[in-house]
Amino acid sequence: MHICMIQSSIVIRTAKKMSRPPKKRKREADTRNFQEYWTEDYYFIEHKGRPHCLICDFVLDPSCKKKSHLKRHYDTMHVSKNESACQLVGQMRTDKINKLRNKLESRPLVESW
């Protein structure tokens, strides 16, 4: 049903029926998977289910398993500061990543109270 109102010689039609907002798509909290090539590109690994920066030990939230989040961290925190690790390419970059990964995995576990 439409209601017509005349206002300043302009006809305005409004619908009386109220419409619902569209339903949002439900997602599981952990539907995104960490991609291995992100390690080579952005120096991130997945450590205990969370993205972990090998350069500065920054740990992202588990829900931030998106390429854009990792790229933003890498660009703003490391590339913009001209860090030497960012300038490595090829086998030297792979060796640096393996060295940093081994260093992270060899740390003793710290229990949280």
Do the conditions hold for Thr76, that is, is it buried (at least 16 other Cβ atoms within 10 Å of the Cβ) and hydroxyl-bearing (Ser, Thr, Tyr)?
no
Residues of the stretch 96-113 satisfying the condition of being in a loop (DSSP other than H, G, I, E, B) and closer than 15 Å to Tyr43 by Cβ
none
Near pairs, Cβ below 6 angstrom, 6+ apart or cross-chain, from the stretch 65-92 (of a type in the set (Ser, Thr, Tyr)) to any residue that is assigned to a helix (DSSP H, G or I) and surrounded by 15 or more Cβ atoms within 10 Å (Cβ to Cβ):
Tyr74/Tyr42
Within the bounds of the stretch 96-108, is there any residue that is in contact with a helix residue (DSSP H, G or I) (Cβ under 6 Å, 6 or more places away or on another chain), modelled with pLDDT under 90 and not charged (D, E, K, R)?
no
Among the residues of the stretch 70-95, which ones are modelled with pLDDT of 85 or more and in a loop (DSSP other than H, G, I, E, B)?
Leu88, Val89
Residue satisfying all of: in the stretch 32-69; of a type in the set (Phe, Trp, Tyr) and part of a loop (DSSP other than H, G, I, E, B); most open to solvent (accessible area, probe 1.4 Å) among these
Phe58
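The values are calculated or read from the model by the stated rules, or taken from the named source; none is laboratory data. A quick note: this is a predicted structure, and the numbers were derived from the prediction, not measured. We place every Cβ from the backbone using ideal geometry, glycine too, and count neighbours over all the protein chains shown. The protein model used for the area step is the full one, side chains on, heavy atoms only, and it has no ligands, DNA or RNA in it. Shrake-Rupley method; radii C 1.70, N 1.55, O 1.52, S 1.80 Å.
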